[in-house]
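Everything below concerns the one structure shown next.
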Amino acid sequence: MNGNILVVDDEKEIADLVEVYLINDGYKVFKFYNGADALKCINETDIDLAILDVMLPDIDGFHICQKIREKFFYPVIMLTAKTEDGDKIMGLTIGADDYITKPFNPLEVVARVKTQLRRYVNYNNSVQKQEENTVYDIRGLVINKNTHKCLLYGKEVLLTPIEFSILWYLCEHKGNVISSEELFENVWGEKYIDNNNTVMAHIGRLREKLKEPAKKPKFIKTVWGVGYTIE
């Protein structure tokens, strides 16, 4: 068995189709047509990845994603019927790892699931590796690669694997300006596409968690037209 996948979509035909393809690929699927049942499952079942439709009859997918991120770090993929960037940025900002726009090819969903799970497993495996010189302390911001913990003035900041990887990469290249393209290709391990707002959304979420002032951030600074840097 490859893992437990939560699928939540009120369009029965879509949910059933995604379930069939995932089961054929060896996954165990927990399928729901509403948010309330999905939230109950989240708290009672070991889930490895969640696929959430944005529009549900009772609780929207954004709310479910937020509830997941209060306790868990496993990957979340959002499904949206809209093409506006607003929905995509919203999902990434609240902690989603990826999004797929309807209509979609079920094989694409399976491919995205495999990519996210592979990244998540690699992240968890790296937690167990003990290496030297794997701590950065930048004016009260401490990030430790051995423990995969981030502290801000002594208080732990809970980061998702993607958020941790972004912050670690910036710290590793402290003083250099890193472009969105470089960040995306090194953290996500995929080819960067123009007009990709994924990095911007995650940087915004990171700044929020680090309690960064919008106009004068202390840690992650924007070099307009170039990229991001930690000095």
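The values are calculated or read from the model by the stated rules, or taken from the named source; none is laboratory data. On a predicted model such as this, the values are computed, not experimentally measured, just so you know. Cβ placement follows ideal geometry from the backbone for every residue including glycine, while neighbour counts extend to all protein chains displayed. Surface accessibility is based on the protein's heavy atoms, side chains included, excluding ligands, DNA and RNA. Shrake-Rupley method; radii C 1.70, N 1.55, O 1.52, S 1.80 Å.
Considering the conditions (1) open to solvent by 40 Å² or more (accessible area, probe 1.4 Å); (2) free of Cβ contacts under 8 Å to residues at least 40 places away in the same chain; (3) over 17 Å from the mean Cα position of the chain (by Cα), Gly26 is excluded by exactly one of them, (1). Candidates in segment 191-226 are the residues that are β-branched (Val, Ile, Thr) and in a strand (DSSP E or B); of these, the one that is farthest from Glu181 (Cα to Cα) is Ile220. Flag: Glu212 does not match the condition of being among the acidic types (Asp, Glu), under 17 Å from Gly95 (Cα atoms), modelled with pLDDT of 85 or more and open to solvent by 10 Å² or more (accessible area, probe 1.4 Å). Taken together, Ile77, Ile89, Ile68 contain a single residue that is open to solvent by 30 Å² or more (accessible area, probe 1.4 Å) and either under 16 Å from Ile162 (Cα atoms) or part of a helix (DSSP H, G or I) (or both), which is Ile89.
Pull up segment 3-20, narrow it to residues that are touching an Asp or Glu at 6+ places or on another chain (Cβ under 7 Å) and not in a helix (DSSP H, G or I), then point me to the one that is most open to solvent (accessible area, probe 1.4 Å). Within segment 3-20, the match that is most open to solvent (accessible area, probe 1.4 Å) is Asp10. Checked against (1) outside any helix (DSSP H, G or I); (2) open to solvent by 30 Å² or more (accessible area, probe 1.4 Å), Asp37 meets all criteria but (1). The residue that is nearest to Gly227 (Cα to Cα), counting only those in segment 117-143 that are of a type in the set (S, T, N, Q) and either modelled with pLDDT of 90 or more or part of a loop (DSSP other than H, G, I, E, B) (or both), is Thr134. Residues being assigned to a loop (DSSP other than H, G, I, E, B), open to solvent by less than 30 Å² (accessible area, probe 1.4 Å) and not β-branched (Val, Ile, Thr) are entirely absent from segment 163-186. As a summary of the residue check, Asp48 satisfies the conditions (1) of a type in the set (Asp, Glu); (2) crowded, with 16+ Cβ neighbours inside 10 Å; (3) more than 21 Å from His148 (Cβ to Cβ) except for the one numbered (3).
Counting only residues that are among the small types (Gly, Ala, Ser) and out of contact with any strand residue (DSSP E or B) (no Cβ under 7 Å at 6 or more places or on another chain), which one in segment 134-174 is nearest to Lys211 (Cα to Cα)? Step by step, filter segment 134-174, then rank; the result is Gly154. Tell me which of these Gly61 doesn't satisfy, since it passes every other one: (1) free of Cβ contacts under 8 Å to residues at least 40 places away in the same chain; (2) under 18 Å from the mean Cα position of the chain (by Cα); (3) more than 22 Å from Trp188 (Cα to Cα). Unmet for Gly61, out of (1) free of Cβ contacts under 8 Å to residues at least 40 places away in the same chain; (2) under 18 Å from the mean Cα position of the chain (by Cα); (3) more than 22 Å from Trp188 (Cα to Cα): (1).
Taking (1) modelled with pLDDT under 90; (2) open to solvent by 40 Å² or more (accessible area, probe 1.4 Å) in turn, Leu158 satisfies each apart from (1). What pairs can you find where one residue is in segment 127-148 and closer than 15 Å to Tyr169 by Cβ, the other is of a type in the set (D, E, K, R) and at pLDDT below 85, and their Cβ atoms are less than 8 Å apart, with a gap of 6+ or different chains? Hits for this filter: Lys145/Glu131.
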